[in-house]
Amino acid sequence: MIELAYPWLLLLAPLPLIMRLLHASNRYEEAALEAPFASRWRQLAGTASLGLQSSPLKLIALILMWLSLVTAATRPQWVGEPIELANSGRDLLLAIDLSGSMQIEDMQVGNSLVSRITAVKAIAADFTSRRTGDRVGLILFGTRAYVQAPLTFDIKTVEKFIEEAQLGFAGEDTAIGDALGLAVKRLRERPADSRVLILLTDGQDTASTVDPMEAAALASEMNVRIYTIGISRRLGTTSNASGEVDEALLTAIAQATGGRYFRARTPQELQGIYQVLDELEPVEQEKSTFRPIESMTWVPTSVAFWLALLLIALRTWPQLSFRSNTKEQQHD
(Lines give C-alpha, C1' and ligand atoms only; values in the text may rest on other atoms or scores of the structure.)
Protein backbone atom coordinates (compact mmCIF):
# COMPACT_ATOMS: atom_id res chain seq x y z
CA MET A 1 0.00 0.00 0.00
CA ILE A 2 0.98 3.63 -0.45
CA GLU A 3 2.06 5.62 2.61
CA LEU A 4 3.25 9.20 2.98
CA ALA A 5 6.31 9.87 5.11
CA TYR A 6 5.29 13.50 5.73
CA PRO A 7 1.50 13.67 5.19
CA TRP A 8 1.22 17.02 7.01
CA LEU A 9 2.86 18.69 4.01
CA LEU A 10 -0.45 18.26 2.16
CA LEU A 11 -1.60 21.30 4.11
CA LEU A 12 0.48 23.35 1.64
CA ALA A 13 -1.79 22.38 -1.27
CA PRO A 14 -4.16 25.43 -0.98
CA LEU A 15 -1.27 27.88 -0.46
CA PRO A 16 -1.33 29.37 -4.02
CA LEU A 17 -5.11 29.98 -3.77
CA ILE A 18 -4.68 31.69 -0.40
CA MET A 19 -1.89 33.90 -1.77
CA ARG A 20 -4.01 34.82 -4.78
CA LEU A 21 -6.97 35.78 -2.60
CA LEU A 22 -4.76 37.93 -0.37
CA HIS A 23 -3.24 39.60 -3.40
CA ALA A 24 -6.69 40.34 -4.89
CA SER A 25 -7.91 41.94 -1.66
CA ASN A 26 -4.94 44.34 -1.61
CA ARG A 27 -5.34 45.64 -5.18
CA TYR A 28 -5.85 49.34 -5.77
CA GLU A 29 -6.34 51.48 -8.84
CA GLU A 30 -3.24 53.07 -10.33
CA ALA A 31 -3.05 56.05 -12.66
CA ALA A 32 -3.32 55.05 -16.29
CA LEU A 33 -0.64 55.99 -18.77
CA GLU A 34 -1.61 56.44 -22.39
CA ALA A 35 0.97 54.98 -24.76
CA PRO A 36 1.12 54.86 -28.54
CA PHE A 37 0.75 51.49 -30.20
CA ALA A 38 -1.31 50.30 -27.19
CA SER A 39 -3.03 47.59 -29.17
CA ARG A 40 0.32 46.19 -30.32
CA TRP A 41 1.63 46.06 -26.72
CA ARG A 42 -1.53 44.40 -25.44
CA GLN A 43 -1.20 41.73 -28.10
CA LEU A 44 2.47 41.09 -27.17
CA ALA A 45 1.71 40.98 -23.43
CA GLY A 46 -1.12 38.56 -23.96
CA THR A 47 1.10 36.09 -25.84
CA ALA A 48 4.19 36.38 -23.63
CA SER A 49 2.60 35.94 -20.20
CA LEU A 50 1.31 32.96 -18.30
CA GLY A 51 -1.91 34.83 -17.76
CA LEU A 52 -4.32 32.50 -16.13
CA GLN A 53 -7.34 34.25 -17.63
CA SER A 54 -6.06 33.74 -21.17
CA SER A 55 -5.88 29.92 -21.10
CA PRO A 56 -7.75 27.45 -18.86
CA LEU A 57 -5.25 24.81 -19.93
CA LYS A 58 -2.40 26.81 -18.37
CA LEU A 59 -4.36 27.19 -15.16
CA ILE A 60 -5.04 23.45 -14.96
CA ALA A 61 -1.40 22.64 -15.73
CA LEU A 62 -0.16 25.03 -13.02
CA ILE A 63 -2.53 23.58 -10.43
CA LEU A 64 -1.56 20.00 -11.26
CA MET A 65 2.16 20.84 -11.22
CA TRP A 66 1.87 22.43 -7.77
CA LEU A 67 -0.09 19.47 -6.41
CA SER A 68 2.51 17.09 -7.87
CA LEU A 69 5.36 18.96 -6.19
CA VAL A 70 3.53 18.96 -2.85
CA THR A 71 2.87 15.23 -3.19
CA ALA A 72 6.56 14.59 -3.98
CA ALA A 73 7.55 16.55 -0.85
CA THR A 74 5.46 14.18 1.29
CA ARG A 75 7.73 11.29 0.14
CA PRO A 76 5.15 8.73 -0.99
CA GLN A 77 6.39 5.14 -0.66
CA TRP A 78 5.09 1.69 -1.42
CA VAL A 79 5.13 -0.49 1.69
CA GLY A 80 5.02 -4.22 1.00
CA GLU A 81 3.62 -7.05 3.06
CA PRO A 82 5.53 -8.06 6.24
CA ILE A 83 8.35 -10.55 5.60
CA GLU A 84 9.54 -12.79 8.42
CA LEU A 85 13.31 -13.04 8.88
CA ALA A 86 14.86 -16.41 9.62
CA ASN A 87 16.57 -15.07 12.72
CA SER A 88 17.42 -18.44 14.24
CA GLY A 89 21.18 -18.33 14.53
CA ARG A 90 24.08 -17.04 16.55
CA ASP A 91 26.00 -13.85 17.05
CA LEU A 92 29.22 -14.96 15.41
CA LEU A 93 32.48 -13.04 15.20
CA LEU A 94 35.37 -14.00 12.94
CA ALA A 95 38.82 -12.88 14.13
CA ILE A 96 41.41 -13.19 11.33
CA ASP A 97 45.16 -12.82 11.79
CA LEU A 98 46.75 -10.33 9.35
CA SER A 99 50.29 -10.49 10.74
CA GLY A 100 53.28 -10.65 8.42
CA SER A 101 53.66 -14.44 8.62
CA MET A 102 50.31 -14.91 6.88
CA GLN A 103 52.06 -14.10 3.59
CA ILE A 104 54.04 -17.39 3.71
CA GLU A 105 53.13 -19.53 0.69
CA ASP A 106 52.78 -23.03 2.10
CA MET A 107 49.11 -23.84 1.49
CA GLN A 108 48.77 -26.46 -1.24
CA VAL A 109 46.06 -25.75 -3.82
CA GLY A 110 46.24 -28.21 -6.69
CA ASN A 111 49.82 -28.27 -7.96
CA SER A 112 50.76 -24.85 -6.61
CA LEU A 113 51.31 -23.15 -3.29
CA VAL A 114 49.37 -20.08 -2.20
CA SER A 115 49.82 -17.80 0.80
CA ARG A 116 48.06 -18.59 4.04
CA ILE A 117 46.00 -15.41 3.88
CA THR A 118 44.80 -16.22 0.33
CA ALA A 119 43.49 -19.61 1.43
CA VAL A 120 41.98 -18.22 4.63
CA LYS A 121 40.16 -15.37 2.86
CA ALA A 122 38.66 -17.63 0.20
CA ILE A 123 37.37 -20.24 2.65
CA ALA A 124 36.29 -17.72 5.31
CA ALA A 125 34.27 -15.79 2.72
CA ASP A 126 32.57 -19.02 1.62
CA PHE A 127 31.86 -19.93 5.25
CA THR A 128 30.37 -16.48 5.87
CA SER A 129 28.12 -16.73 2.80
CA ARG A 130 26.35 -19.71 4.39
CA ARG A 131 25.56 -17.96 7.66
CA THR A 132 21.84 -17.54 6.95
CA GLY A 133 20.10 -16.44 10.13
CA ASP A 134 23.36 -15.59 11.92
CA ARG A 135 24.51 -12.14 12.81
CA VAL A 136 28.14 -12.01 11.64
CA GLY A 137 30.96 -9.59 12.47
CA LEU A 138 34.65 -9.36 11.54
CA ILE A 139 37.71 -8.54 13.64
CA LEU A 140 41.11 -8.15 11.99
CA PHE A 141 44.24 -8.23 14.11
CA GLY A 142 48.00 -8.02 13.90
CA THR A 143 49.95 -5.80 16.26
CA ARG A 144 46.56 -4.21 17.00
CA ALA A 145 43.01 -5.53 16.83
CA TYR A 146 40.08 -3.62 15.40
CA VAL A 147 36.51 -4.26 14.31
CA GLN A 148 36.22 -4.22 10.54
CA ALA A 149 32.51 -5.11 10.50
CA PRO A 150 30.14 -5.01 13.51
CA LEU A 151 27.59 -7.79 14.01
CA THR A 152 25.17 -7.61 11.12
CA PHE A 153 22.80 -9.62 8.94
CA ASP A 154 24.43 -7.99 5.90
CA ILE A 155 26.50 -11.04 4.99
CA LYS A 156 27.51 -9.66 1.58
CA THR A 157 29.27 -6.70 3.17
CA VAL A 158 31.18 -8.94 5.60
CA GLU A 159 32.26 -11.15 2.69
CA LYS A 160 33.55 -8.10 0.83
CA PHE A 161 35.52 -6.92 3.88
CA ILE A 162 37.13 -10.36 4.16
CA GLU A 163 38.10 -10.34 0.49
CA GLU A 164 39.53 -6.80 0.73
CA ALA A 165 41.59 -7.44 3.91
CA GLN A 166 45.29 -6.78 3.30
CA LEU A 167 48.35 -7.86 5.26
CA GLY A 168 49.88 -5.02 7.25
CA PHE A 169 46.57 -3.31 7.97
CA ALA A 170 47.04 -3.95 11.69
CA GLY A 171 50.83 -4.35 11.95
CA GLU A 172 53.28 -7.21 11.57
CA ASP A 173 53.03 -8.85 15.03
CA THR A 174 50.25 -10.95 16.58
CA ALA A 175 47.96 -9.73 19.38
CA ILE A 176 45.73 -12.72 20.13
CA GLY A 177 44.79 -11.49 23.61
CA ASP A 178 43.69 -8.08 22.30
CA ALA A 179 41.54 -9.73 19.63
CA LEU A 180 39.88 -11.89 22.28
CA GLY A 181 39.25 -8.91 24.55
CA LEU A 182 37.72 -6.89 21.71
CA ALA A 183 35.47 -9.79 20.73
CA VAL A 184 34.20 -10.25 24.29
CA LYS A 185 33.43 -6.54 24.46
CA ARG A 186 31.36 -6.78 21.27
CA LEU A 187 29.52 -9.96 22.27
CA ARG A 188 28.78 -9.35 25.95
CA GLU A 189 25.49 -7.53 25.32
CA ARG A 190 24.13 -10.21 23.01
CA PRO A 191 21.94 -13.16 24.16
CA ALA A 192 24.03 -15.40 26.42
CA ASP A 193 23.39 -18.63 24.49
CA SER A 194 24.42 -17.32 21.09
CA ARG A 195 27.88 -15.78 21.53
CA VAL A 196 30.48 -17.43 19.30
CA LEU A 197 34.00 -16.36 18.32
CA ILE A 198 36.11 -18.12 15.68
CA LEU A 199 39.74 -17.03 16.00
CA LEU A 200 42.16 -17.91 13.22
CA THR A 201 45.91 -17.37 13.53
CA ASP A 202 49.20 -18.81 12.29
CA GLY A 203 51.49 -17.61 15.06
CA GLN A 204 51.96 -16.87 18.72
CA ASP A 205 50.84 -14.03 20.92
CA THR A 206 53.66 -11.47 20.66
CA ALA A 207 52.06 -8.04 20.98
CA SER A 208 48.98 -8.20 23.24
CA THR A 209 48.36 -5.74 26.05
CA VAL A 210 45.80 -8.23 27.41
CA ASP A 211 46.93 -11.69 28.53
CA PRO A 212 45.19 -14.24 26.26
CA MET A 213 44.23 -16.53 29.13
CA GLU A 214 42.79 -13.63 31.11
CA ALA A 215 40.74 -12.70 28.07
CA ALA A 216 39.65 -16.35 27.77
CA ALA A 217 38.59 -16.38 31.42
CA LEU A 218 36.51 -13.23 30.86
CA ALA A 219 34.98 -14.83 27.75
CA SER A 220 34.03 -17.86 29.84
CA GLU A 221 32.31 -15.61 32.39
CA MET A 222 30.40 -13.93 29.56
CA ASN A 223 29.38 -17.29 28.02
CA VAL A 224 31.37 -16.62 24.83
CA ARG A 225 32.40 -19.87 23.16
CA ILE A 226 35.74 -19.59 21.36
CA TYR A 227 36.78 -21.88 18.53
CA THR A 228 40.46 -21.48 17.66
CA ILE A 229 42.09 -22.50 14.38
CA GLY A 230 45.84 -22.82 13.91
CA ILE A 231 47.12 -22.28 10.35
CA SER A 232 50.53 -23.70 9.38
CA ARG A 233 52.10 -26.78 7.79
CA ARG A 234 54.36 -27.21 10.83
CA LEU A 235 52.51 -26.75 14.12
CA GLY A 236 54.45 -26.28 17.35
CA THR A 237 53.25 -27.71 20.64
CA THR A 238 54.49 -24.90 22.89
CA SER A 239 55.23 -21.24 22.73
CA ASN A 240 58.90 -22.14 22.32
CA ALA A 241 58.33 -23.27 18.76
CA SER A 242 59.34 -19.92 17.36
CA GLY A 243 57.46 -18.75 14.29
CA GLU A 244 54.84 -21.49 14.45
CA VAL A 245 51.40 -21.80 16.00
CA ASP A 246 51.24 -22.08 19.76
CA GLU A 247 48.90 -25.07 19.91
CA ALA A 248 49.00 -25.25 23.70
CA LEU A 249 47.72 -21.68 24.05
CA LEU A 250 45.00 -22.04 21.41
CA THR A 251 43.84 -25.33 22.94
CA ALA A 252 43.69 -23.80 26.41
CA ILE A 253 41.70 -20.81 25.15
CA ALA A 254 39.15 -23.05 23.45
CA GLN A 255 38.80 -25.43 26.39
CA ALA A 256 38.40 -22.59 28.88
CA THR A 257 35.33 -21.31 27.01
CA GLY A 258 33.66 -24.58 26.02
CA GLY A 259 34.90 -24.35 22.46
CA ARG A 260 37.32 -26.45 20.47
CA TYR A 261 40.75 -26.15 18.85
CA PHE A 262 41.32 -27.19 15.22
CA ARG A 263 44.48 -27.75 13.23
CA ALA A 264 44.57 -26.64 9.59
CA ARG A 265 47.64 -27.55 7.57
CA THR A 266 45.95 -27.42 4.17
CA PRO A 267 43.01 -25.55 2.63
CA GLN A 268 41.14 -28.86 2.58
CA GLU A 269 41.52 -29.25 6.34
CA LEU A 270 40.41 -25.67 6.84
CA GLN A 271 37.36 -26.30 4.67
CA GLY A 272 36.54 -29.35 6.78
CA ILE A 273 36.81 -27.28 9.97
CA TYR A 274 34.29 -24.79 8.67
CA GLN A 275 31.96 -27.63 7.78
CA VAL A 276 32.13 -28.80 11.40
CA LEU A 277 31.42 -25.26 12.58
CA ASP A 278 28.43 -25.18 10.22
CA GLU A 279 26.88 -27.90 12.35
CA LEU A 280 26.85 -25.80 15.52
CA GLU A 281 23.37 -26.05 17.02
CA PRO A 282 21.50 -22.82 16.23
CA VAL A 283 19.84 -20.91 19.04
CA GLU A 284 16.21 -19.91 18.80
CA GLN A 285 15.83 -16.15 19.13
CA GLU A 286 12.85 -13.88 18.72
CA LYS A 287 11.69 -13.80 15.15
CA SER A 288 11.76 -10.43 13.47
CA THR A 289 9.90 -9.07 10.48
CA PHE A 290 10.39 -6.21 8.11
CA ARG A 291 8.30 -4.60 5.41
CA PRO A 292 10.05 -3.75 2.13
CA ILE A 293 9.74 -0.07 1.27
CA GLU A 294 10.10 1.38 -2.22
CA SER A 295 10.21 5.13 -2.75
CA MET A 296 7.53 6.44 -5.15
CA THR A 297 8.69 10.06 -5.11
CA TRP A 298 9.74 9.77 -8.76
CA VAL A 299 6.08 9.48 -9.87
CA PRO A 300 4.80 12.95 -8.81
CA THR A 301 8.20 14.45 -9.64
CA SER A 302 7.95 13.12 -13.21
CA VAL A 303 4.40 14.46 -13.53
CA ALA A 304 5.57 17.91 -12.40
CA PHE A 305 8.46 17.78 -14.90
CA TRP A 306 6.23 17.00 -17.88
CA LEU A 307 3.69 19.63 -16.84
CA ALA A 308 6.51 22.18 -16.69
CA LEU A 309 7.47 21.25 -20.25
CA LEU A 310 3.82 21.67 -21.28
CA LEU A 311 3.69 25.17 -19.76
CA ILE A 312 6.90 26.14 -21.55
CA ALA A 313 5.40 24.94 -24.83
CA LEU A 314 2.16 26.83 -24.21
CA ARG A 315 4.12 29.98 -23.49
CA THR A 316 6.60 29.68 -26.36
CA TRP A 317 4.26 28.69 -29.17
CA PRO A 318 2.16 31.92 -29.22
CA GLN A 319 5.35 34.01 -29.15
CA LEU A 320 6.71 32.17 -32.16
CA SER A 321 3.41 32.60 -33.98
CA PHE A 322 3.30 36.33 -33.15
CA ARG A 323 6.84 36.89 -34.44
CA SER A 324 6.08 34.95 -37.59
CA ASN A 325 2.97 37.07 -38.28
CA THR A 326 4.89 40.28 -37.58
CA LYS A 327 7.59 39.37 -40.13
CA GLU A 328 4.93 38.57 -42.73
CA GLN A 329 3.26 41.93 -42.16
CA GLN A 330 6.60 43.71 -42.53
CA HIS A 331 7.26 41.96 -45.82
CA ASP A 332 3.81 42.97 -47.06
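Remarks
- Of the residues making up segment 180-194, those that are under 24 Å from the mean Cα position of the chain (by Cα) and at pLDDT 85 or above number 5.
- Residue check for Glu281: surrounded by fewer than 18 Cβ atoms within 10 Å (Cβ to Cβ), at pLDDT below 90, under 24 Å from Ala217 (Cα atoms) and not basic (Lys, Arg): yes
- Some residue of segment 246-260 being among the basic types (Lys, Arg), at pLDDT below 90 and out of contact with any Asp or Glu (no Cβ under 7 Å at 6 or more places or on another chain): yes
- Checklist (1) out of contact with any Gly (no Cβ under 7 Å at 6 or more places or on another chain); (2) over 21 Å from Tyr274 (Cα atoms) applied to Ala125, failing item: (2)
- Identity of the residue in segment 120-162, under 24 Å from Arg263 (Cα atoms) and of a type in the set (Asp, Glu), that ends up modelled with the highest pLDDT: Glu159
- Cβ pairs under 9 Å, 6+ apart, first in segment 267-280 and of a type outside the set (A, V, I, L, M), second at pLDDT below 75: Pro267/Gln108; Pro267/Val109; Gln268/Gln108
- Here the strands (runs of 3 or more DSSP E) wholly within segment 110-187 that include at least 3 residues being surrounded by fewer than 18 Cβ atoms within 10 Å (Cβ to Cβ) and in contact with a helix residue (DSSP H, G or I) (Cβ under 9 Å, 6 or more places away or on another chain) are 145-152.
- Residue within segment 88-110 that is charged (D, E, K, R), without any contact (Cβ under 8 Å) to a residue 60 or more places away in the chain and in contact with a strand residue (DSSP E or B) (Cβ under 8 Å, 6 or more places away or on another chain) present: yes
- Residue list for segment 208-228, filter: surrounded by fewer than 21 Cβ atoms within 10 Å (Cβ to Cβ), part of a loop (DSSP other than H, G, I, E, B) and either among the small types (Gly, Ala, Ser) or over 31 Å from the mean Cα position of the chain (by Cα) (or both): Thr209, Val210, Asp211
- Of everything listed in (1) over 28 Å from the mean Cα position of the chain (by Cα); (2) at pLDDT below 75; (3) farther than 24 Å from Lys160 by Cα; (4) not basic (Lys, Arg), the single unmet condition for Val109 is (3).
- Checked against the criteria, Ser54 does not count as in contact with a Ser or Thr (Cβ under 9 Å, 6 or more places away or on another chain), closer than 23 Å to Leu199 by Cα, at pLDDT below 90 and among the hydroxyl-bearing types (Ser, Thr, Tyr).
The values are calculated or read from the model by the stated rules, or taken from the named source; none is laboratory data. Keep in mind that this is a model prediction, so the values were computed, not measured. Note that we place each Cβ from the backbone using ideal geometry, even for glycine, and neighbour counts take in every protein chain shown.
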